(Lines give C-alpha, C1' and ligand atoms only; values in the text may rest on other atoms or scores of the structure.)
Protein backbone atom coordinates (compact mmCIF):
# COMPACT_ATOMS: atom_id res chain seq x y z
CA UNK A 1 0.00 0.00 0.00
CA UNK A 2 2.77 2.42 0.92
CA UNK A 3 4.53 1.46 -2.33
CA UNK A 4 1.55 2.70 -4.35
CA UNK A 5 1.59 6.02 -2.49
CA UNK A 6 5.24 6.62 -3.31
CA UNK A 7 4.67 5.55 -6.92
CA UNK A 8 1.92 8.13 -7.19
CA UNK A 9 4.16 10.80 -5.68
CA UNK A 10 6.95 9.98 -8.15
CA UNK A 11 4.45 10.31 -11.00
CA UNK A 12 3.34 13.75 -9.79
CA UNK A 13 6.90 15.02 -9.33
CA UNK A 14 8.13 13.90 -12.73
CA UNK A 15 5.05 15.06 -14.64
CA UNK A 16 5.46 18.45 -12.94
CA UNK A 17 9.05 18.52 -14.18
CA UNK A 18 7.88 17.68 -17.70
CA UNK A 19 5.30 20.48 -17.50
CA UNK A 20 8.07 22.91 -16.47
CA UNK A 21 10.05 21.90 -19.57
CA UNK A 22 7.04 22.24 -21.87
CA UNK A 23 6.18 25.67 -20.50
CA UNK A 24 9.76 26.83 -21.09
CA UNK A 25 9.62 25.55 -24.69
CA UNK A 26 6.39 27.42 -25.35
CA UNK A 27 7.59 30.64 -23.72
CA UNK A 28 10.61 30.58 -26.09
CA UNK A 29 8.60 29.99 -29.26
CA UNK A 30 9.88 33.29 -30.70
CA UNK A 31 13.40 33.19 -29.26
CA UNK A 32 16.10 33.34 -31.93
CA UNK A 33 18.19 30.18 -32.08
CA UNK A 34 16.28 28.43 -29.25
CA UNK A 35 16.29 24.63 -29.16
CA UNK A 36 13.40 22.87 -27.46
CA UNK A 37 13.99 20.41 -24.62
CA UNK A 38 12.20 17.16 -23.87
CA UNK A 39 11.93 14.96 -20.78
CA UNK A 40 12.45 11.22 -21.15
CA UNK A 41 10.89 9.05 -18.46
CA UNK A 42 12.04 5.63 -17.29
CA UNK A 43 10.74 3.21 -14.70
CA UNK A 44 12.40 3.19 -11.29
CA UNK A 45 13.88 0.25 -9.42
CA UNK A 46 11.72 -2.87 -9.49
CA UNK A 47 11.59 -4.66 -6.15
CA UNK A 48 11.97 -8.44 -6.40
CA UNK A 49 9.25 -10.12 -4.34
CA UNK A 50 10.16 -13.64 -5.43
CA UNK A 51 13.02 -14.85 -7.54
CA UNK A 52 12.53 -16.89 -10.67
CA UNK A 53 13.88 -20.28 -11.57
CA UNK A 54 12.94 -23.77 -12.67
CA UNK A 55 10.41 -22.47 -15.20
CA UNK A 56 8.99 -19.93 -12.76
CA UNK A 57 9.03 -16.25 -13.63
CA UNK A 58 10.27 -13.77 -11.03
CA UNK A 59 7.79 -11.56 -9.16
CA UNK A 60 8.66 -7.88 -9.29
CA UNK A 61 6.83 -4.75 -8.18
CA UNK A 62 7.63 -1.32 -9.60
CA UNK A 63 8.34 1.69 -7.42
CA UNK A 64 7.27 4.47 -9.80
CA UNK A 65 9.02 6.51 -12.45
CA UNK A 66 12.02 8.81 -12.77
CA UNK A 67 13.30 11.23 -15.36
CA UNK A 68 16.04 9.45 -17.28
CA UNK A 69 17.23 12.51 -19.16
CA UNK A 70 16.28 15.96 -20.37
CA UNK A 71 17.46 16.14 -23.96
CA UNK A 72 17.71 19.05 -26.38
CA UNK A 73 16.19 18.88 -29.83
CA UNK A 74 18.94 20.19 -32.11
CA UNK A 75 16.88 20.05 -35.30
CA UNK A 76 17.01 23.03 -37.65
CA UNK A 77 14.59 25.82 -36.80
CA UNK A 78 12.76 27.81 -39.48
CA UNK A 79 14.61 30.72 -41.09
CA UNK A 80 13.12 34.20 -40.99
CA UNK A 81 14.21 36.75 -43.58
CA UNK A 82 15.33 40.08 -42.14
CA UNK A 83 17.31 41.54 -45.05
CA UNK A 84 19.99 42.75 -42.63
CA UNK A 85 23.48 41.67 -43.74
CA UNK A 86 24.82 40.92 -40.24
CA UNK A 87 21.80 38.76 -39.39
CA UNK A 88 23.29 35.32 -40.01
CA UNK A 89 21.83 31.84 -39.85
CA UNK A 90 23.40 28.43 -40.28
CA UNK A 91 21.63 26.25 -42.83
CA UNK A 92 22.64 22.82 -41.55
CA UNK A 93 24.76 21.71 -38.61
CA UNK A 94 27.18 23.80 -36.59
CA UNK A 95 27.45 26.76 -34.24
CA UNK A 96 28.98 30.22 -34.12
CA UNK A 97 31.67 30.73 -31.46
CA UNK A 98 31.54 33.86 -29.30
CA UNK A 99 33.61 34.98 -26.32
CA UNK A 100 33.47 37.45 -23.45
CA UNK A 101 37.26 37.54 -23.26
CA UNK A 102 37.43 34.77 -20.67
CA UNK A 103 34.88 32.12 -21.60
CA UNK A 104 33.97 30.69 -24.97
CA UNK A 105 30.38 29.92 -25.92
CA UNK A 106 28.59 28.44 -28.92
CA UNK A 107 25.30 29.65 -30.35
CA UNK A 108 22.86 29.41 -33.25
CA UNK A 109 21.68 32.98 -32.64
CA UNK A 110 23.30 34.91 -35.49
CA UNK A 111 22.13 38.47 -34.79
CA UNK A 112 25.45 40.33 -34.91
CA UNK A 113 26.48 43.98 -34.76
CA UNK A 114 29.61 46.14 -35.10
CA UNK A 115 30.69 47.72 -31.80
CA UNK A 116 32.62 50.96 -31.27
CA UNK A 117 35.94 49.11 -31.59
CA UNK A 118 34.90 47.53 -34.91
CA UNK A 119 34.51 44.04 -33.42
CA UNK A 120 31.64 41.83 -34.55
CA UNK A 121 29.51 41.18 -31.45
CA UNK A 122 26.15 39.67 -30.54
CA UNK A 123 23.39 41.46 -28.64
CA UNK A 124 25.10 40.62 -25.34
CA UNK A 125 28.41 42.17 -26.43
CA UNK A 126 30.19 38.83 -26.89
CA UNK A 127 32.67 38.87 -29.76
CA UNK A 128 32.33 36.56 -32.74
CA UNK A 129 35.40 34.36 -33.09
CA UNK A 130 37.21 32.13 -35.53
CA UNK A 131 40.37 30.11 -34.89
CA UNK A 132 42.46 33.28 -35.26
CA UNK A 133 40.60 34.99 -32.42
CA UNK A 134 38.09 37.84 -32.25
CA UNK A 135 36.77 39.06 -35.57
CA UNK A 136 37.49 42.77 -36.06
CA UNK A 137 37.25 45.13 -39.02
CA UNK A 138 40.37 47.18 -39.79
CA UNK A 139 38.52 50.47 -40.02
CA UNK A 140 35.09 52.03 -40.24
CA UNK A 141 33.01 49.86 -42.54
CA UNK A 142 31.47 51.54 -45.54
CA UNK A 143 29.86 48.43 -47.06
CA UNK A 144 30.08 44.68 -46.71
CA UNK A 145 28.71 41.39 -48.01
CA UNK A 146 28.79 37.82 -46.69
CA UNK A 147 28.65 34.70 -48.86
CA UNK A 148 27.54 31.17 -48.03
CA UNK A 149 31.08 30.04 -47.23
CA UNK A 150 31.37 32.67 -44.50
CA UNK A 151 33.66 35.07 -46.33
CA UNK A 152 33.02 38.68 -45.30
CA UNK A 153 34.09 41.12 -48.00
CA UNK A 154 34.08 44.72 -46.85
CA UNK A 155 35.28 48.20 -47.76
CA UNK A 156 36.31 50.91 -45.32
CA UNK A 157 35.70 54.64 -45.49
CA UNK A 158 39.45 55.25 -45.73
CA UNK A 159 39.96 52.73 -48.58
CA UNK A 160 36.63 52.57 -50.41
CA UNK A 161 38.08 50.80 -53.45
CA UNK A 162 40.18 48.16 -51.68
CA UNK A 163 38.31 44.99 -50.60
CA UNK A 164 39.26 43.31 -47.31
CA UNK A 165 38.10 39.88 -46.17
CA UNK A 166 37.35 38.08 -42.92
CA UNK A 167 36.37 34.43 -42.58
CA UNK A 168 33.54 33.15 -40.39
CA UNK A 169 34.07 29.58 -39.18
CA UNK A 170 31.53 27.05 -37.95
CA UNK A 171 32.05 24.66 -35.04
CA UNK A 172 30.50 21.20 -34.77
CA UNK A 173 30.35 18.55 -32.04
CA UNK A 174 30.05 14.78 -32.11
CA UNK A 175 27.25 15.00 -29.53
CA UNK A 176 25.61 18.45 -29.76
CA UNK A 177 22.86 17.36 -27.33
CA UNK A 178 25.61 17.11 -24.71
CA UNK A 179 26.20 20.87 -24.80
CA UNK A 180 25.34 22.68 -21.57
CA UNK A 181 22.80 25.50 -21.88
CA UNK A 182 24.30 28.69 -20.46
CA UNK A 183 21.34 31.02 -21.05
CA UNK A 184 20.83 33.70 -23.70
CA UNK A 185 20.82 31.01 -26.42
CA UNK A 186 24.42 30.14 -25.53
CA UNK A 187 26.00 26.74 -24.96
CA UNK A 188 29.20 25.55 -23.31
CA UNK A 189 30.97 22.37 -24.30
CA UNK A 190 32.52 19.54 -22.29
CA UNK A 191 35.05 17.37 -24.07
CA UNK A 192 33.81 14.28 -22.20
CA UNK A 193 30.12 14.84 -23.03
CA UNK A 194 29.66 16.85 -26.21
CA UNK A 195 33.14 16.14 -27.51
CA UNK A 196 35.67 18.82 -28.49
CA UNK A 197 34.66 21.43 -31.08
CA UNK A 198 35.62 20.79 -34.67
CA UNK A 199 36.26 23.88 -36.78
CA UNK A 200 35.02 24.04 -40.39
CA UNK A 201 34.74 26.39 -43.31
CA UNK A 202 30.97 26.79 -43.81
CA UNK A 203 29.66 24.28 -46.32
CA UNK A 204 32.61 21.89 -45.97
CA UNK A 205 33.04 18.60 -44.10
CA UNK A 206 29.29 18.28 -43.54
CA UNK A 207 28.92 21.64 -41.82
CA UNK A 208 26.15 24.08 -42.67
CA UNK A 209 26.33 27.12 -44.89
CA UNK A 210 25.95 30.75 -43.86
CA UNK A 211 22.78 32.57 -44.88
CA UNK A 212 23.12 36.35 -44.64
CA UNK A 213 19.91 38.31 -44.10
CA UNK A 214 18.19 35.48 -42.21
CA UNK A 215 17.81 34.47 -38.57
CA UNK A 216 17.06 30.97 -37.31
CA UNK A 217 13.97 30.98 -35.13
CA UNK A 218 13.01 28.61 -32.31
CA UNK A 219 12.40 24.99 -33.33
CA UNK A 220 9.54 24.70 -30.80
CA UNK A 221 6.55 23.01 -32.45
CA UNK A 222 3.45 24.45 -30.76
CA UNK A 223 1.12 21.69 -31.93
CA UNK A 224 3.43 19.04 -30.48
CA UNK A 225 3.95 20.98 -27.26
CA UNK A 226 0.20 21.44 -26.66
CA UNK A 227 -0.41 17.74 -27.32
CA UNK A 228 2.33 16.94 -24.79
CA UNK A 229 0.70 19.30 -22.29
CA UNK A 230 -2.53 17.30 -22.52
CA UNK A 231 -0.82 13.94 -21.98
CA UNK A 232 1.26 15.41 -19.16
CA UNK A 233 -1.83 16.79 -17.47
CA UNK A 234 -3.57 13.42 -17.70
CA UNK A 235 -0.51 11.66 -16.33
CA UNK A 236 -0.40 14.09 -13.41
CA UNK A 237 -4.12 13.60 -12.71
CA UNK A 238 -3.77 9.80 -12.88
CA UNK A 239 -0.86 9.86 -10.43
CA UNK A 240 -2.85 12.07 -8.07
CA UNK A 241 -5.76 9.64 -8.36
CA UNK A 242 -3.48 6.76 -7.36
CA UNK A 243 -2.63 8.62 -4.15
CA UNK A 244 -6.32 9.28 -3.44
CA UNK A 245 -7.31 5.64 -3.94
CA UNK A 246 -4.37 4.38 -1.87
CA UNK A 247 -5.39 6.74 0.93
CA UNK A 248 -8.95 5.39 0.77
CA UNK A 249 -7.70 1.81 1.06
CA UNK A 250 -5.50 2.73 4.02
CA UNK A 251 -8.50 4.37 5.66
CA UNK A 252 -10.51 1.18 5.22
CA UNK A 253 -7.67 -0.80 6.80
CA UNK A 254 -7.59 1.52 9.80
CA UNK A 255 -11.38 1.24 10.18
CA UNK A 256 -11.03 -2.54 10.54
CA UNK A 257 -9.33 -2.02 13.89
CA UNK A 258 -12.31 -0.12 15.14
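The values are calculated or read from the model by the stated rules, or taken from the named source; none is laboratory data. Only a predicted model underlies this, so the values are computations on that prediction, with no experimental measurement involved. Glycine also receives a Cβ, built like all others from the backbone with ideal geometry; neighbour counts cover every protein chain displayed.
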Query raised in the report: Of all the residues that make up the stretch 193-248, how many are in contact with a helix residue (DSSP H, G or I) (Cβ under 6 Å, 6 or more places away or on another chain), surrounded by 14 or more Cβ atoms within 10 Å (Cβ to Cβ) and under 28 Å from residue 98 (Cβ atoms)?
Result: 2
Query raised in the report: Taking the stretch 148-174, which residues are surrounded by 13 or more Cβ atoms within 10 Å (Cβ to Cβ) and either within 28 Å of residue 218 (Cβ to Cβ) or within 11 Å of the chain's Cα centre (by Cα) (or both)?
Result: 148, 149, 150, 152, 168, 169, 170, 171, 172, 173
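How many residues are touching a residue at least 40 places away in the same chain (Cβ under 8 Å) and within 30 Å of residue 187 (Cβ to Cβ) when one looks only at the stretch 39-65? Break it down into steps so the answer makes sense when it comes.
The initial filter retains those residues of the stretch 39-65 that are touching a residue at least 40 places away in the same chain (Cβ under 8 Å), namely 47, 61-65.
Imposing the further condition that a residue be within 30 Å of residue 187 (Cβ to Cβ) reduces the set to 65.
Residues flagged as touching a residue at least 40 places away in the same chain (Cβ under 8 Å) and within 30 Å of residue 187 (Cβ to Cβ) within the stretch 39-65 amount to 1.
Suppose the filter is over 22 Å from residue 183 (Cα atoms) and touching a residue at least 24 places away in the same chain (Cβ under 8 Å); does residue 107 pass it? Walk me through it before giving the result.
Values: over 22 Å from residue 183 (Cα atoms): no; touching a residue at least 24 places away in the same chain (Cβ under 8 Å): yes.
Taking the combined requirement at face value, the residue does not satisfy it.
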Query - Elements of type strands (runs of 3 or more DSSP E) contained in the stretch 1-108, each with 1 or more residues being in contact with a helix residue (DSSP H, G or I) (Cβ under 8 Å, 6 or more places away or on another chain) - result: 37-43, 46-50, 59-62, 65-72
Report task. Take the residues in the stretch 72-85 that are surrounded by fewer than 14 Cβ atoms within 10 Å (Cβ to Cβ) and within 17 Å of the chain's Cα centre (by Cα), then tell me which one is nearest to residue 5 (Cα to Cα). Result -> 75
Query - residue 218 being part of a loop (DSSP other than H, G, I, E, B) and within 15 Å of residue 109 (Cα to Cα) - result: yes
**Report entry** Residues of the stretch 179-196 satisfying the condition of being under 26 Å from residue 146 (Cα atoms) and at pLDDT 95 or above
**Finding:** 186, 187
Query raised in the report: Of the residues that make up the stretch 27-40, is at least one exposed (fewer than 11 other Cβ atoms within 10 Å of the Cβ) and more than 22 Å from the chain's Cα centre (by Cα)?
Result: no
Requested in this report: All but one of (1) within 30 Å of residue 64 (Cβ to Cβ); (2) assigned by TED's automatic domain parsing to the domain that holds residue 88 hold for residue 204, so report the exception by its number.
Outcome: (1)
Query raised in the report: Cβ-Cβ below 7 Å, separation at least six or inter-chain, first residue in the stretch 227-241 and farther than 20 Å from residue 4 by Cα, second surrounded by 13 or more Cβ atoms within 10 Å (Cβ to Cβ): which pairs?
Result: 228/22; 229/22
Requested in this report: Determine whether residue 175 is farther than 24 Å from residue 80 by Cβ and either in contact (Cβ under 8 Å) with a residue 60 or more places away in the chain or not assigned by TED's automatic domain parsing to the domain that holds residue 205 (or both).
Outcome: no
Query raised in the report: In the stretch 127-146, is there at least one residue being surrounded by 15 or more Cβ atoms within 10 Å (Cβ to Cβ) and farther than 16 Å from residue 166 by Cβ?
Result: no
